[in-house]
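Beneath this line is the structure, given in C-alpha cells, with notes to follow.
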Amino acid sequence: MELDIILEADLTPDQITELGLLAEQYGFRAIWAQNYARARDAFMSIVPLARASSRIRIGVVIVSPYEMHPLKIANAALTLNEYCAGRAVVAVGAGGEWPTVMKIGYGKRVRGAREAIEIIKGSFGHPVLNYDGEVYHAQGFAAQWHAGDPPLIYDGASGPRMLQMAAAVADGVMMSDVHPEMFDDRLPLLRQALADNCRSDADFRVSNFIAWHIKEDRDASLTEARRELIIRGWLDREWLVPYVNEAEADAIVGNKWPFLKAYRERHGNIDGVPKHVVDQLVEGLSLSGDNSDIERHIERLHKFAAAGFTEVALRVHDDPADSIRVIGDRVLPALS
C-alpha cells in the first residue's frame, strides 16, 4: 500500500512546492492540494510543483461539478496533467465547500457526480465530446492538444450509492475518515459493485483520507486533533457510533456547535462535551499522539492494506514538513 500527503489549504504555491519536493524525495505516491473556498485556487497553486517535480503525482481534492462545469474540470485536469507529464490526479465529488459558499443546491447528487465523471473521462478519449445527461450537457468539446496518458479521476465518496457509482465510472475512490471499524459497511459493497461492472481490483484505486496529528508534543497533537474533529465525517452518526454510545451520538448530532466553534477559533476546547467522548472520537477518527504512538498507528494502517486499499492519503496540519519527515522516516518503510 502506498501513501499520499494532503496539504492544508492555506499554503502558498512556494510552500506547496517545497513540501511536495520533500515528499517526492521520501517516495510518497502523491501530494494533494485542497480545494477550499477560503483559500487560493488549488489548481493554480500546485502548478509550480507540477513543473518542478519529476515522480510524485500531483493532485487536487475535492472538486465539485456544482462549482465548475465538468468540462472546465476536464480542461483544468488535462492542463495540470500536461504540466506534470502525466502525473495528475483529481478527486471529484458532489460535496466540498464551494457549493455551500455559492448557495447552490445539490439536486441529483449521485446522478450529477456520475455524469460529471463520465464527461471528464469522456473528454480524454474522444476527439470530440458530445454528451446529453439529466444534469450536465456538452457539445463539441475537443482536447486534442493533450497527448500522453490521461489524469486519474477519483470519486470522493464514502456513502453506499456514491461508492457504487464510483465503481462504474471512476478510476478510483477516495473515502473520507473511514476507519477499520467501518470497513464492513463499505468494502464488500464496493467489491460487489466492481464485479457488477466487470471491473477488477487491479484497475481500480481505493484510497482513504485520514487525519495525521502525530507530534513530539503529545498535548499539541491532541489539541490539534480536537480542533479538527468537526470535519471528521462532519461528525455524522455513521462516524460516531463505532466509538461512542447512542445517547452520546444523539447529543453530538443534536449540537455540533462546540466542535465547530473549536475549529473556527482554532483551539482544542470542546465545551460541554464529556472528555471521554472527545477522547474516544480523537482516538477512533485520527492518527494522534506522540512518537511513541507511531507503531500502533502503523498497525492500524496495515489493516487498510490487508483490506485492499491501494493507498492512504494522510492529511497533515500544522508543521507539515515535520509530519512529512516523520511519516517518511517511520511509516513509509514499514508499509513498503
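Summary table
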{"item": "Residue 221 among the small types (Gly, Ala, Ser), touching a helix residue (DSSP H, G or I) at 6+ places or on another chain (Cβ under 9 Å) and under 30 Å from residue 76 (Cα atoms)", "result": "no"}
{"item": "Scope the stretch 290-317; condition under 20 Å from residue 208 (Cα atoms) and assigned to a loop (DSSP other than H, G, I, E, B); matching residues", "result": "308, 309, 310, 316, 317"}
{"item": "Test: residue in the stretch 229-250 that is outside any helix (DSSP H, G or I), touching a residue at least 40 places away in the same chain (Cβ under 8 Å) and in contact with a strand residue (DSSP E or B) (Cβ under 8 Å, 6 or more places away or on another chain)", "result": "yes"}
{"item": "Hits in the stretch 82-91 (condition: buried (at least 21 other Cβ atoms within 10 Å of the Cβ) and out of contact with any Lys or Arg (no Cβ under 6 Å at 6 or more places or on another chain))", "result": "84, 88, 90, 91"}
{"item": "Hits in the stretch 214-230 (condition: more than 14 Å from residue 316 (Cβ to Cβ) and under 18 Å from the mean Cα position of the chain (by Cα))", "result": "229, 230"}
{"item": "The lone exception for residue 100 - which of (1) among the polar types (S, T, N, Q); (2) over 19 Å from residue 34 (Cβ atoms); (3) surrounded by fewer than 18 Cβ atoms within 10 Å (Cβ to Cβ) it fails", "result": "(2)"}
{"item": "Failed item in (1) under 25 Å from residue 34 (Cα atoms); (2) surrounded by 16 or more Cβ atoms within 10 Å (Cβ to Cβ); (3) at pLDDT 95 or above, with residue 124 passing the rest", "result": "(3)"}
{"item": "Single unsatisfied condition, residue 133 versus (1) touching a Lys or Arg at 6+ places or on another chain (Cβ under 8 Å); (2) crowded, with 17+ Cβ neighbours inside 10 Å; (3) not polar (S, T, N, Q)", "result": "(2)"}
{"item": "Within the stretch 19-34, tally of residues that are open to solvent by less than 50 Å² (accessible area, probe 1.4 Å) and either part of a helix (DSSP H, G or I) or at pLDDT below 95 (or both)", "result": "5"}
{"item": "Filter result (open to solvent by 50 Å² or more (accessible area, probe 1.4 Å) and part of a helix (DSSP H, G or I)) within the stretch 9-18", "result": "14, 15, 18"}
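Per-residue answers, yes or no, for (1) within 24 Å of residue 129 (Cβ to Cβ); (2) modelled with pLDDT of 95 or more; (3) surrounded by 19 or more Cβ atoms within 10 Å (Cβ to Cβ):
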position: 7; (1), (2), (3): no, yes, yes
position: 40; (1), (2), (3): no, yes, no
position: 43; (1), (2), (3): yes, yes, yes
position: 57; (1), (2), (3): no, yes, yes
position: 68; (1), (2), (3): yes, no, no
position: 80; (1), (2), (3): yes, yes, yes
position: 93; (1), (2), (3): yes, no, yes
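The values are calculated or read from the model by the stated rules, or taken from the named source; none is laboratory data. Given the structure is predicted, the values throughout are model-derived calculations rather than measurements. Every residue, glycine as well, gets a Cβ built from its backbone with ideal geometry; the counts of neighbours run over all protein chains shown. Note: areas computed on protein heavy atoms with side chains; ligands, DNA, RNA excluded. Shrake-Rupley method; radii C 1.70, N 1.55, O 1.52, S 1.80 Å.
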